[in-house]
1. If all Cα-Cα distances of the chain are sorted into 10 Å bins from 0 onward, what percent lands in each bin, rounded to whole numbers?
2. Using a probe of 1.4 angstrom, how much of the accessible area of the chain is carbon and sulfur, in percent?
3. Which aspartates and glutamates have a Cα less than 13 Å from the Cα of Lys29, not counting those fewer than 8 places away in the same chain?
4. Rolling a 1.4 angstrom probe over the protein heavy atoms, how many square angstrom per residue are accessible across the chain?
5. Cα to Cα, under 20 Å, and not fewer than 8 places away if on the same chain: which lysines meet these conditions relative to Lys15?
6. Along the charge dipole of the chain, Cβ charges K/R +1 and D/E -1, which of Leu30, Ala56, Pro40 sits furthest on the positive end?
7. I need the phi-derived Karplus couplings for segment 25-35: 6.51 cos²θ - 1.76 cosθ + 1.60, θ = phi - 60°, integer Hz, Gly and Pro marked x.
8. Which parts of segment 1-19 would a label at Gln45 reach, counting a residue when its backbone N lies under 20 Å from a point 7 Å out along Cα-to-Cβ?
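The values are calculated or read from the model by the stated rules, or taken from the named source; none is laboratory data. The structure displayed is predicted, hence computed values, not measured ones. Note that each Cβ is placed from the backbone with ideal geometry, even for glycine, and that neighbours are counted across all protein chains shown. Each accessible area value is taken on the protein alone, full model and side chains, heavy atoms only, with ligands, DNA and RNA left out. Shrake-Rupley method; radii C 1.70, N 1.55, O 1.52, S 1.80 Å.
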Amino acid sequence: MKNAEIQKLGVEELKKQIAAEQENISRLKLAHAISPIENPMRIRQNRKLIAKLETALSAAKKA
């Protein structure tokens, strides 16, 4: 997700997206623990996306 797309989202949409990404990262971690996934960098990318979403959420709440 690009920063421009993230900035366009509303507060509720950001919360839903964060929940979906957290669920996705937990599935990736479980799959990686069982057998190594093809691209383990996806876990790091997902963590960074969650951080971007949470930052946008806190900025939206302040405004």
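1. Distribution as computed: 22, 47, 22, 8, 0 percent.
2. Numbers: 2540 of 4790 Å².
Within the chain, the accessible surface is 53 percent carbon and sulfur.
3. Here the aspartates and glutamates satisfying the reach criterion relative to Lys29 are Glu21, Glu38.
4. Numbers: 4790 Å² over 63 residues.
Counting only protein heavy atoms, the per-residue value for the chain is 76 Å².
5. List returned: Lys2, Lys48, Lys52, Lys61, Lys62.
6. Result: Ala56.
7. So the Karplus estimates, Gly and Pro as x, are 5, 5, 5, 5, 5, 5, 4, 6, 6, 6, 8 Hz.
8. It comes to 1-7, 17-19, nothing else.
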